[in-house]
Amino acid sequence: MTTSWNETEQIETYLNGFNDNGEALIFEAKTLLDPSLQDKIYWQQKTYELIQRYGRKQLKQEIEAIHQQLFTKPEHSGFRQKIRLLFTNR
């Protein structure tokens, strides 16, 4: 099951939403006629979901690393104090 670059682009456009309803109808008709295209759409969508999850995980790790630096290193004590003041009851 090989996928051409054009087909990959068409699937991506389909997953992101067509600008033209006619194109969407034609592509959906192709999916009805070609079961392997339905599989390709499914797996491309799953791939995008995995990439998105990986990106979120990476972002969380970067945020946590920055958090650790700001709240543990002595040179950032002034920043820590300002943040704590924001969250204390006055």
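The values are calculated or read from the model by the stated rules, or taken from the named source; none is laboratory data. Because the structure is a prediction, the values reported are computed rather than measured. Here Cβ is always computed from backbone atoms with ideal geometry, including for glycine, and neighbour counts include all displayed protein chains. Accessible surface is based on the protein model in full, side chains and every heavy atom, while ligands, DNA and RNA are left aside. Shrake-Rupley method; radii C 1.70, N 1.55, O 1.52, S 1.80 Å.
Brief remarks follow.
- Some residue of region 48-62 being within 19 Å of TRP5 (Cβ to Cβ) and either open to solvent by less than 90 Å² (accessible area, probe 1.4 Å) or hydroxyl-bearing (Ser, Thr, Tyr) (or both): yes
- Some residue of region 63-83 being among the hydrophobic types (A, V, I, L, M, F, W, C), more than 30 Å from the chain's Cα centre (by Cα) and open to solvent by 100 Å² or more (accessible area, probe 1.4 Å): no
- Among all residues of region 15-29, there is at least one that is touching a Phe, Trp or Tyr at 6+ places or on another chain (Cβ under 6 Å) and either at negative phi or not small (Gly, Ala, Ser) (or both).
- LYS40 vs. criteria surrounded by 10 or more Cβ atoms within 10 Å (Cβ to Cβ) and closer than 14 Å to GLU7 by Cβ: yes
- Among the residues of region 21-33, those identified as open to solvent by 40 Å² or more (accessible area, probe 1.4 Å) and touching a helix residue (DSSP H, G or I) at 6+ places or on another chain (Cβ under 9 Å) are GLU23, GLU28, LYS30, LEU32.
- Within region 2-20, considering residues that are exposed (fewer than 10 other Cβ atoms within 10 Å of the Cβ) and among the hydroxyl-bearing types (Ser, Thr, Tyr), the one modelled with the highest pLDDT: SER4
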